[in-house]
Amino acid sequence: QVQLVESGGGLVQAGGSLRLSCAAPRNIFSIYTMSWYRQPPGKQRELVASITRAGTTNYAESLKGRFTISRDNAQNTVYLRMNGLQSEDTAVYYCNAEFASQNYWGQGTQVTVSS
């Protein structure tokens, strides 16, 4: 069973920042594309950002410039830095690892932005 362990969520005021972390097993982290998704209340899960093993990044268009995904290969950890948080960023944020037809999810971490 592959475990992706997320941390860093919480309550933050509008305009604030948070950094989410997701630790993965080394054999997964070294070859999988790592992504962050989010699911706002009452809405579908959506892609926030992804980063390949080579470091190529991709972002949801609406989040470019505020959110930054990065990875630390030595720590087998992917990060999501979120700046200028707004109430519409309130959601459960999920870490995802994908390679070929294999897909793994973390348990999710709640981010709540108060206005």
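General observations
- Compactness of the range 60-115 - radius of gyration and Dmax, Cα, Å: 13.1, 41
- For the range 49-56, putting each phi into the Karplus relation 6.51 cos²θ - 1.76 cosθ + 1.60 with θ = phi - 60° gives couplings of 6, 9, 8, 7, 5, 7, x, 6 Hz, in residue order, rounded to whole numbers and with x for Gly and Pro.
- Trypsin sites (Lys or Arg not before Pro) lying in DSSP loop within the range 33-95, provided at most 12 other Cβ fall within 10 Å: Lys43
- Label point at Ala14 placed 7 Å out along Cα→Cβ; residues across the range 60-74 whose backbone nitrogen lies under 19 Å: 63, 66-67
- Ligands, DNA and RNA left out, the accessible area of the chain computed with a 1.4 Å probe is 45% carbon and sulfur.
- Efficiency of FRET from Cβ geometry, Ser62 and Thr112, R₀ 25 Å, rounded to 0.05: 0.85
- Per residue, the accessible area of the range 17-115 comes to 51 Å² when a 1.4 Å probe rolls over the protein heavy atoms.
- Note on the chain: with a GNM built from Cα contacts shorter than 10 Å, the maximum mean-square fluctuation among Leu20, Leu11, Leu85 falls on Leu11.
- Here's how it looks for Gly16: its modeled amide H is under 5 Å from those of Leu85, which are all 5 or more places away or on a different chain.
- In the elastic network of the chain, a GNM with C-alpha springs shorter than 10 Å, the most mobile of Gln86, Gln39, Gln102 is Gln102.
- Karplus-derived HN-Hα couplings along the range 34-45 (A = 6.51, B = -1.76, C = 1.60, θ = phi - 60°), whole Hz, x at Gly and Pro: 9, 9, 10, 10, 9, 10, x, x, x, 10, 7, 5
- Pair-distance distribution P(r) for the chain, from all Cα-Cα distances in 5 Å bins starting at 0: 2, 13, 24, 26, 19, 10, 5, 1, 0 percent.
- Net dipole in debye of the chain [+1 Lys, Arg Cβ; -1 Asp, Glu Cβ; about Cα centre; nearest 20]: 140 debye
- Value at 222 nm in deg cm²/dmol, rounded to 500, when DSSP H runs of n ≥ 4 in the chain each add -39,500 (n - 2.57): -500 deg cm²/dmol
The values are calculated or read from the model by the stated rules, or taken from the named source; none is laboratory data. None of the values given here were measured: they were computed from a predicted structure. We place every Cβ from the backbone using ideal geometry, glycine too, and count neighbours over all the protein chains shown. When the accessible area is computed, the model is the full protein with side chains, heavy atoms only, and any ligands, DNA or RNA have been set aside. Shrake-Rupley method; radii C 1.70, N 1.55, O 1.52, S 1.80 Å.
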